[in-house]
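This report refers to the structure that appears directly beneath it.
The values are calculated or read from the model by the stated rules, or taken from the named source; none is laboratory data. All of these numbers come straight from a predicted model, not from anything done at the bench. Neighbour counts run over all protein chains shown; Cβ positions are idealised from the backbone, glycine included. For the accessible areas, the whole protein counts, side chains as well, though only heavy atoms, and no ligand, DNA or RNA atoms are used. Shrake-Rupley method; radii C 1.70, N 1.55, O 1.52, S 1.80 Å.
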Amino acid sequence: MKDQSKTPPFWALSVEDAIRIQQSKLTGLATEDVEEKKQQYGLNSIKTSKKQSPIGLFLSQFKSPITLILLFAAILSFFLQDSTNAIIIVIIILFSTLLGFWQEKSAGNAVAQLLNLIRVRATVLRDRQKSELLVEDIVPGDIIFLSAGDVIPADCLLIKEDELFIDEAAFTGETFPVEKEVAVLPDKTPLSKRTNSVFMGSHVVSGTATALVMATGTSTEFGHISQSLGKKMSLTDFERGIKKFGNLLMQITLVMVIFLFGVNVFLNRPVLDALLFTLAIAVGITPQLLPAIITVNLAQGAKRMAQEQVIVKRLNSIENFGNMNVLCSDKTGTLTEGKVKVDRALDYMGNISTNVLLMAKINAMFQQGFKNPIDEAISAIELDEFKDYSRVDEIPYDFIRKRLSLLIKGEDTNNNRLITKGAVNQILDVCNQAIDSNGKVIALIDVCESVQELYEKLSSQGYRTLGIAYKDCGSATTLSKTDEQDMIFAGFISLCDPPKAGIIDTIRDLQQYGVGLKIITGDNALIARSISKQIGMENAVILTGSEMRKMSDAAFLHRVSKVDVFAEVEPNQKEHIITTLKKAGKVVGYMGDGINDVSAIHAADVGLSVNTAVDVAKEAADIVLLNQDLEVLIEGIKEGRRTFANTQKYIFMATSANFGNMFSMAGASIFLSFLPLLPKQILLTNLMTDLPSMAISSDNVDEEWIQEPRSWNLKFIKRFMIFFGLLSSIFDYITFGILLFVFHAAEQEFHTGWFLESVISATFIVLIVRTRKVFIKSKPGKYLLLATLLVAAFALLLPYLPFASLLGFIPLPPTFYLAMLGIVVLYILSAELMKKWFYKRLA
């Protein structure tokens, strides 16, 4: 590797010097050079950590402080000659850890496979040929090609550009795009002034460019920022709920551990036994498999959503997806077919004009910026008058001018013609004359009123309408924005994009699931009103972008929830709409596929895009749809709610059963002359009652869980834990009484009897708390039911197995099993009654 410590920064280099330093060529790198550079610079990624190895993932399962302390206590027990107990405790912990490892590894592999479907690519010149490569494979010295919508994949020096505008808001905070040009700048030029460079993480708003890659991965400006910020992403509502729940459990656990350890020491029990017992209780009350269960639930949900053509990029966004109650969407391709068709070309008087159609086709065919459905539709029209033309220069479309201008050379080589196409009002702004289909030119001011009336008529009929203008430029060979003036208005191109079949039913389905649809479009209010009527929104409330600008933030906050359609909005206004809806207490999804949608996708609780979207939109989104149909969204919403429901079920099961058992154990340890359960038995109980939960991700979900959005409710979980935990504890004490006063159980009989009752009741109670309905009316998933029955069967057989004595269990008389059956049946019936009362009064 060469010492480049004295080399000027790349923006201070000429293109020739930069290519020489990077040992590259204008014809691109050769394959053999690329491999060497990959070894030198690594992958082009800001992820500083490599994919976690299986060993690392396995070791991460031990990150719980309680687990580590328990392992330490087991090792200490081994050195104090209690090797049997120590080994059993270690085996149980290892088995639980292996379960978590296996589940997380499987989930991680599944998610990685899904993300491969939507990886971003870039156009690179290699071996003298253009090819589409993954951005991770780009190396310094590569020649890349950029056009509107592309994400900049690395820090680059411009070689060539054509009206290039870049959105660098992430670096500079500037709202408007920055114009770039080839130049050599001073060494100390600040980032915001480096007009000859483009930076990873920004994106092309308009124009085209060829650029030389100068820095990749963590060496880029974006990489430096990411490292300094630790790449910390904001928590979702789901993650905040988990964090609060974890803090609650820590508080309960800490109080219980201190109390029980003090009581057992006060009762003169061996300190090591007391320590192991209290630590085992701490483990018992903690749903150790919660991280694995959550990961598995989300990963399984993501896999099922993939089957519905919905790819989840960020797993925790699934919960927000299910909890979404407002969906904002552009109309094109989502509410409409997305297949634009040319309706007709008219002059300013409303007459059919072949000349207008010809100029529109020339403009659409020869432009070299971002190809869009409108230009594709216009280009596809066959015209006999279309002859040999060639592009001389271009001013690409941007969202400020809303125009696209081309300088064209035709048959008359001495008179190049400027042809401009764009939004009607923006076209009229640069015209001072108009021409009819007969070639008569008139001052625009004389026909301005009739032009506007025709435009409004077409819009009210639902047509997207563009204006066409031109002027002759003589022998001029270059264009600038100042040339867009004193033009002749040629007429209109009207386009239609009919609503999708079944869209009315789809919108009705969204409303049925508690999701309101809001349309956000750049089209004028007349088009917006027409399309809203066509899709069943007869009395839609419409607000325009100009009206928004006149409103205060407080007024807009009051109004935003009542508006159905936002028309004539600019890209930055889309973001304002999303953030205001969030302030109004909504969980907002935004679906977009264009460059102008990126800020809104970022701002939404759930950013949605489609696989055919521009790279920057896919990169910004949490969830990518492989199918742009809203019906797919509904399936995704339902799956998000199923995933959240199954995660909540595990919380209900684990907290109520564990809290009840530990409360019982705390009381029993005070009045019994021996420990109510040995530490190894507590751990085994916790493990066996958790095993059925591994199948919870495949459980059936009641329709009522899916009908409306739900969010994390810690107060509800607290109540559920207390009420159902205390109910469980009541039947534990009934079991204690029967064991002590009916069967006169000694220590081992007591341990065995309570272990059996605890595991059997906690296992079957899963079938009760998993649903709000009477349990026989809600069919559990087959894997959950099978796991429940297998664990219960194993628990019943355990006292008779050869190694039972090592665990401290002995066979019990048959009459105990009859008594236990009565207790479990009564517990299940009581839980059903408690559930009915609880959901009626406290839910």
Review point. Separation between the Val263 and Leu191 pseudo-spin-labels, each 7 Å from Cα along Cα→Cβ, expressed in nm?
Key: 5.8 nm
Check your understanding: Relative contact order for segment 427-586: what is it in percent, counting Cα pairs under 8 Å that are at least 6 residues apart?
Key -> 21 percent
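Under the definition of Cα pairs under 8 Å and six or more residues apart, what whole-number percent is the relative contact order of the chain?
13 percent
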Study note, to complete from the structure: Once Lys and Arg are counted +1 and Asp and Glu -1 for all other residues with Cβ under 12 Å from that of Val515, the total becomes +3
Point to revise | Rounded Å value of the spacing that divides the Cα centres of segment 691-712 and segment 505-566 | key: 33 Å
Exercise for review: Sort out for me the Cα centre separation of segment 725-742 from segment 568-596, rounded to whole Å.
Suggested key: 56 Å
Check your understanding: If you average 1/r over all unlike Cα pairs in segment 571-643 and invert the result, what Kirkwood radius do you get in angstrom?
Key -> 12.4 Å
Exercise for review: Enumerate the lysines that Lys130 could reach by cross-link, defined here as Cα to Cα under 20 Å, with residues fewer than 8 away along the same chain left out.
Suggested key: Lys25, Lys37, Lys38, Lys160, Lys371
Study note, to complete from the structure: Between the Cα axis of helix 237-266 and the main Cα principal axis of the chain, the angle (0 to 90°, nearest 10) is 20 degrees
**Study point:** Accessible surface, 1.4 Å probe, highest first, among residues Phe816, Phe222
**Key:** Phe222, Phe816
Exercise for review: Keeping every protein chain in place, order Cys448, Cys496 by accessible area at 1.4 Å, biggest value first, i.e. largest first.
Suggested key: Cys448, Cys496
Practice item. Take the alpha-carbon centre of segment 343-378, take the same for segment 419-460, and report the distance between them in whole Å. Key: 15 Å
**Study point:** Simple spin-label estimate for Arg710 and Phe78 in nanometres, 7 Å along Cα-Cβ
**Key:** 4.4 nm
Practice item. Give Lys244/Lys777; Lys500/Lys582; Lys649/Lys840; Lys331/Lys481 a once-over and call out the pairs whose C-alpha atoms are over 23 Å from each other. Key: Lys244/Lys777; Lys500/Lys582; Lys331/Lys481
Study note, to complete from the structure: The relative contact order of segment 654-813, taking Cα pairs under 8 Å that sit 6 or more residues apart, comes to a percentage of 35 percent
Check your understanding: To the nearest whole percent, what portion of all C-alpha pairs in segment 678-771 is separated by more than 17 angstrom?
Key -> 63 percent
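Round to a whole number: what % of the accessible area of the chain belongs to carbon and sulfur, probe 1.4 Å?
Working: 21050 of 37190 Å².
Ligands and nucleic acids excluded, carbon and sulfur reach 57 percent.
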Check your understanding: Taking the Cβ of Leu726 as the center, what net charge do the other residues with Cβ under 13 Å away carry, scoring Lys and Arg +1 and Asp and Glu -1?
Key -> +1
Point to revise | segment 523-637: radius of gyration over Cα atoms, expressed as a fraction of 2.2 N^0.38 Å | key: 1.07
Practice item. First select every other residue whose beta carbon is under 10 angstrom from the beta carbon of Glu337; then total the charges, Lys and Arg +1, Asp and Glu -1. Key: +2
Exercise for review: Please list the equivalent ellipsoid semi-axes of the chain, computed as the square roots of five times the alpha-carbon gyration tensor eigenvalues, in descending order and whole angstrom.
Suggested key: 66, 33, 20
Check your understanding: Across every pair of different alpha-carbon atoms, what Kirkwood hydrodynamic radius in Å does segment 694-735 reach?
Key -> 13.1 Å
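Distances longer than 25 Å among the Cα atoms of segment 371-495: what percent of all pairs is that?
That tail contains 24 percent of the Cα-Cα pairs.
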Practice item. With a probe of 1.4 Å, find how much accessible area the chain has per residue, and write the answer as a whole number in Å². Key: 44 Å²
